[in-house]
Amino acid sequence: MIYTVGHSNHSIEQFTGLLRRHQVTAVADVRSAPYSRYNPQFNREALRNSLAQYGIGYAFWGEELGARSKDRSCHEGGRVSYARLAATELFRLGLNRLKTAMIEQSIAIMCAERDPLECHRTILVSRYLSADNIHIEHILCSGELEPQAQALARLRRQLGIPDHDLFRSDEELSNEAYQLQGQRIAYLDAGPKIQALRKRQP
């Protein structure tokens, strides 16, 4: 089993409390950029040091499992394609590293977003771990757990995807939910022209 968690705007005490409640022994940071402007307690070095005080390990895996791929072949129309990213050798390497590490550690995949459905840790990473028969539990801000299957069911309700369809299988309906949510939350590269315009705005 692998957990996931979002650091949100927690204090470091709240965050480590969530991890300790579920006996997490190692955090796999899947943020592409392991820094937070508004919550500096979750900057890479600060977080590593804080976790170490509680005997919790830290590893940065944003290169393998981050959502902002540097591989331009993973971009489509300026937006990262989760399907293309998931097909890369680097992403599969990251998944295999997680599956190896979980044998000896109780791991939580960490990103920033509070709600698992708003984050690639659920829509991308957990999707493909689940496909490899890895059980996923999302640690919510309340400390309660939401299994990946329940998170997916909640997503389908939010998107208005029916529980049953005469012409599509349950797997096809779930794939549609993943695809729609992935398109909505995937990183959009604004490009140099738009970025320059933003910088000139007051």
Legend entry - From ALA28, ALA86, residue being surrounded by 21 or more Cβ atoms within 10 Å (Cβ to Cβ), hydrophobic (A, V, I, L, M, F, W, C) and either in contact (Cβ under 8 Å) with a residue 24 or more places away in the chain or over 28 Å from ASP189 (Cα atoms) (or both): ALA28
Inset, instruction - Could you tell me whether the range 145-161 includes any residue that is out of contact with any Lys or Arg (no Cβ under 9 Å at 6 or more places or on another chain), of a type in the set (Lys, Arg) and surrounded by 14 or more Cβ atoms within 10 Å (Cβ to Cβ)? - result: yes
Inset, instruction - With the checklist (1) assigned to a loop (DSSP other than H, G, I, E, B); (2) closer than 22 Å to ILE103 by Cα; (3) of a type in the set (A, V, I, L, M, F, W, C) in hand, flag the one item ALA33 doesn't pass. - result: (2)
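Suppose we filter ARG121, ARG114 for residues that are closer than 27 Å to GLY57 by Cα, basic (Lys, Arg) and part of a loop (DSSP other than H, G, I, E, B); which single one remains?
On the way: ARG121 fails: part of a loop (DSSP other than H, G, I, E, B).
Testing whether each residue is closer than 27 Å to GLY57 by Cα, basic (Lys, Arg) and part of a loop (DSSP other than H, G, I, E, B) leaves just ARG114.
Going through the range 67-80 one residue at a time, which ones are crowded, with 18+ Cβ neighbours inside 10 Å and within 15 Å of the chain's Cα centre (by Cα)?
Pass one, the range 67-80, residues crowded, with 18+ Cβ neighbours inside 10 Å: 67, 69, 74-75, 80.
ALA67, SER69, VAL80 - these are the residues of the range 67-80 that are crowded, with 18+ Cβ neighbours inside 10 Å and within 15 Å of the chain's Cα centre (by Cα).
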Inset, instruction - Report yes if some residue within the range 53-62 is of a type in the set (S, T, N, Q), exposed (fewer than 13 other Cβ atoms within 10 Å of the Cβ) and either under 17 Å from the mean Cα position of the chain (by Cα) or modelled with pLDDT of 95 or more (or both); otherwise report no. - result: yes
Inset, instruction - For ARG31, state whether it is within 21 Å of ARG114 (Cβ to Cβ), over 19 Å from the mean Cα position of the chain (by Cα) and at pLDDT 95 or above. - result: no
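The values are calculated or read from the model by the stated rules, or taken from the named source; none is laboratory data. Computed from a predicted structure; not experimentally measured. All Cβ positions, glycine included, derive from the backbone under ideal geometry; neighbour counts span all protein chains shown.
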